[in-house]
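Participant: Provided herewith is a single structure, encoded as structure tokens, for subsequent inquiry.
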Amino acid sequence: DGRLTFYPGNQTVALPFINLMKRYGTVFLKAYTNSPICCPSRAAMWSGLFTHLTESWNNFKGLDPDYVTWMDLLQKHGYHTKKFGKTDYTSGHHSVSNRVEAWTRDVDFLLRQEGRPTVKLTGNKTHIRVMETDWQNTEKAVNWIKEEAINFTQPFVLYLGLNLPHPYPSPSTGENFGSSTFLTSPYWLKKVSYEAIKIPKWSSLSEMHPVDYYSSYTKNCTGEFTKEEVRNIRAFYYAMCAETDAMLGKIISALRDTGLLKRTIIIFTADHGELAMDHRQFYKMSMYEGSSHVPLLVMGPGIKQRQEISNVVSLVDIYPTMLDIARIPAQQNLSGYSLMPLLSEEAQNEVSTRKPRPPWVLSEFHGCNVNSSTYMLRTDTWKYITYSDGNSVLPQLFDLSADPDELENIALKFPAVAHSLDKILRSIVNYPKVSSSVQEYNKRQFISWKQSLGQNYSNVIANLRWHQDWLKEPKKYEDAIDKWL
């Protein structure tokens with residue numbers, strides 16, 4: 001959650017290396033994902049293109065494997081390039097459940113797809129390496145810096161993708177399990193200030209926006225939760241953020257120890273946030289701040305220090321920024337804009353010949369746990385969220401300066417504002433048409449998958465992540481799918 005990188009969110013947990021980046025660099029106060037789920041978000045970041053252009057509709061559908069990313073271009077221009085850890089921007093990954101749930105979201109049924117969110121403590125007060133895979137990838141990156149990067153005569157670009165902070169897989173009897181366990185050790189939990197944890201206010205189930213209700217139900221969050229349960233989920237999540245921060249620290253230390261820190265730009269960001277029980281949800285897949293607002297910090301030579309930038313920016317801006325740093329001309333069709341004019345001391349003194357940055361960012365979502373294509377336009381003050389064709393589901397409008405917790409939808413109270421933001425949105429993307437093409441895509445993909453299974457179809461679909469609900473009335477749900485088809 002990007003709000004943890006600045007006040008007041010950063011009062012909840014000690015993040016020393018994030019704070020170091022703030023002190024010696026720049027933090028963006030309004031940075032957003034272009035799609036609040038792993039693969040589509042990463043596809044946007046690696047391509048510099050909005051989700052409706054990459055057609056990365058769900059966690060299974062990303063970029064083609066041979067897509068030319070900004071890293072490919074840097075390599076072509078003489079950079080040494082290296083990737084460690086999670087990349088997840090090409091098609092074909094994630095579980096069968098994940099894609100089937102995305103394809104069937106238009107079916108008229110409500111089925112829980114996730115385990116109920118819960119917390120688990122592991123190890124003792126000295127147990128540091130909870131997410132072992134991330135630590136191993138961090139070590140590989142540190143070794144690469146110390147053993148290889150230090151000897152290069154050409155510049156290098158290193159990418160390290162961590163899985164934290166992310167809930168862990170929860171045990172289940174289905175074909176695939178969800179990730180609903182917030183896991184940490186006492187070592188990290190003691191970095192969290194329990195007194196500073198805010199318990200989010202929830203609407204009653206009957207007052208929830210219909211799309212929110214579907215999300216909350218499929219994420220298994222519509223049951224009763226005590227304040228203590230909610231506070232613990234949030235605390236464990238913050239502890240996972242503290243562990244992530246320590247890995248960032250290892251990279252910064254490796255650059256310092258090799259003398260490379262003074263001539264290396266570091267960018268820290270995330271593919272999406274975590275609701276951690278905001279709006280009666282956990283996970284992502286939502287345009288609410290906890291899910292869509294990401295961290296973005298930049299530090300290095302020529303970057304202004306102790307700077308907070310309030311311009312709205314998004315992950316598609318990474319691509320043109322990387323090219324700008326490397327002084328490689330950017331192609332014309334990118335959705336993003338270089339961040340360097342905002343970041344660098346030099347650029348701010350130049351008379352710019354660049355295309356002006358628009359005063360909005362776009363995020364969209366077409367995957368699982370949400371029963372409608374969703375589009376968000378974020379401006380300085382407003383957040384406008386619209387669904388499907390713009391008519392069949394009520395839109396949402398939030399004034400984030402007056403209502404930072406997004407508790408009051410004022411779309412009906414301010415129709416002129418909603419209309420003008422909708423007009424801007426339609427000038428960027430013909431969203432009713434995109435929604436319709438996603439619906440067609442979902443149906444085609446589902447039919448093809450169903451046919452590939454033959455007689456085995458019923459057995460397979462009954463044992464996906466929704467098995468606990470499905471197996472109570474399998475015939476009812478199969479009929480609902482037949483009706484949809």
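Participant: Which of rounded, prolate or oblate describes segment 228-344 when judged by the alpha-carbon gyration tensor and an a/c cut-off of 1.5?
Facilitator: Oblate, since a/c reaches 1.5 and b/c is not below a/b.
Participant: Please give, to one decimal in nm, the separation of the simple spin-label points placed at residue 154 and residue 443, each 7 Å out from Cα toward the Cβ.
Facilitator: Modelled inter-label distance: 5.0 nm.
Participant: Could you pull out every residue, at least 5 positions away or on a different chain, whose amide H is within less than 5 Å of the one on residue 81? Hs are placed 1.01 Å off N in the peptide plane, and Pro or chain starts have none.
Facilitator: For residue 81, the qualifying residues are 157.
Participant: Still on this structure, please answer the following. Report the number of Lys pairs in segment 379-467 whose alpha-carbons are under 16 Å apart, with separation of 8 or more residues or on distinct chains. Before the final figure, lay out the partial values.
Facilitator: Values: 383/413; 383/423; 423/433; 433/443.
So the count of such lysine pairs works out to 4.
Participant: Just to compare against my own numbers: the Cα pair-distance distribution for segment 2-348, 20 Å bins, whole % per bin, please.
Facilitator: 29, 60, 11, 0
Participant: Please list, or write none, the aspartates and glutamates whose alpha carbon is within less than 18 Å of the alpha carbon of residue 76, excluding same-chain residues fewer than 8 places away.
Facilitator: Candidates past the 8-residue exclusion: 66, 324.
Participant: Residues with beta-carbon under 11 Å from that of residue 377, excluding residue 377: net charge, scoring Lys, Arg +1 and Asp, Glu -1?
Facilitator: +2
Participant: For segment 386-396, just list the computed ³J(HN,Hα) in residue order, Karplus coefficients 6.51, -1.76 and 1.60, θ = phi - 60°, integers in Hz, with x standing in for Gly and Pro.
Facilitator: Once rounded to whole Hz, the list reads 10, 10, 6, 8, x, 10, 6, 10, 4, x, 10.
Participant: Here is a follow-up. When the dipole is taken about the Cα centre of the chain, and only Lys, Arg (+1) and Asp, Glu (-1) are charged at their Cβ, what size is it in debye, to the nearest 20?
Facilitator: Dipole about the Cα centre, nearest 20: 760 debye.
Participant: Evaluate E = 1/(1 + (r/R0)^6) for residue 471 and residue 127, where r is the Cβ-Cβ distance and R0 equals 41 Å; express this FRET efficiency to the nearest 0.05. List each step's numbers first, then the result.
Facilitator: Numbers: r = 38 Å, r/R0 = 0.92.
Efficiency computed from Cβ-Cβ geometry: 0.60.
Participant: What is the sum of charges, Lys and Arg at +1 and Asp and Glu at -1, for the other residues whose Cβ falls under 15 Å from the Cβ of residue 320?
Facilitator: With Lys, Arg at +1 and Asp, Glu at -1, the net is +1.
Participant: Among 242, 275, 410, whose Cα sits farthest toward the positive end of the charge dipole of the chain (+1 at Cβ of Lys/Arg, -1 at Cβ of Asp/Glu, about the Cα centre)?
Facilitator: 242
Participant: What 222 nm value per residue comes from the helices of the chain, counting each DSSP H run with n ≥ 4 as -39,500 (n - 2.57) and dividing by all residues, nearest 500 deg cm²/dmol?
Facilitator: That comes out to -10500 deg cm²/dmol.
Participant: Ok, one more. List the trypsin sites (Lys or Arg not before Pro) within segment 219-312 that DSSP assigns to loop and that have no more than 12 neighbouring Cβ atoms inside 10 Å. Don't skip to the answer; put the middle values down first.
Facilitator: Values: sites: 219, 227, 231, 234, 250, 256, 262, 263, 280, 284, 304, 306; in loops: 219, 284, 304, 306.
Filter output for segment 219-312: 306.
Participant: Would you work out which of 109, 154, 123 lies farthest towards the positive end of the dipole of segment 85-163? Charges go on Cβ: Lys and Arg +1, Asp and Glu -1.
Facilitator: 123
Participant: Next up: Provide the per residue accessible area, probe 1.4 Å, for segment 170-286, rounded to a whole number of square angstrom.
Facilitator: 40 Å²
Participant: Please name whichever of 445, 28, 363 sits farthest to the positive end of the charge dipole of the chain, dipole taken about the Cα centre and charges placed at Cβ: Lys and Arg +1, Asp and Glu -1.
Facilitator: 28
Participant: Can you compute the charge dipole magnitude of segment 372-485 about its Cα centre, using +1 on each Lys and Arg Cβ and -1 on each Asp and Glu Cβ, nothing else charged? Give it in debye, rounded to the nearest 20.
Facilitator: 520 debye
The values are calculated or read from the model by the stated rules, or taken from the named source; none is laboratory data. Every value quoted in this text rests on a predicted model; they were computed, and no experiment measured them. When we count neighbours, we look across all protein chains shown, and the Cβ atoms used for this are built from the backbone with ideal geometry, even at glycine. All accessible areas refer to the heavy atoms of the entire protein, side chains included, with ligands and DNA or RNA removed. Shrake-Rupley method; radii C 1.70, N 1.55, O 1.52, S 1.80 Å.
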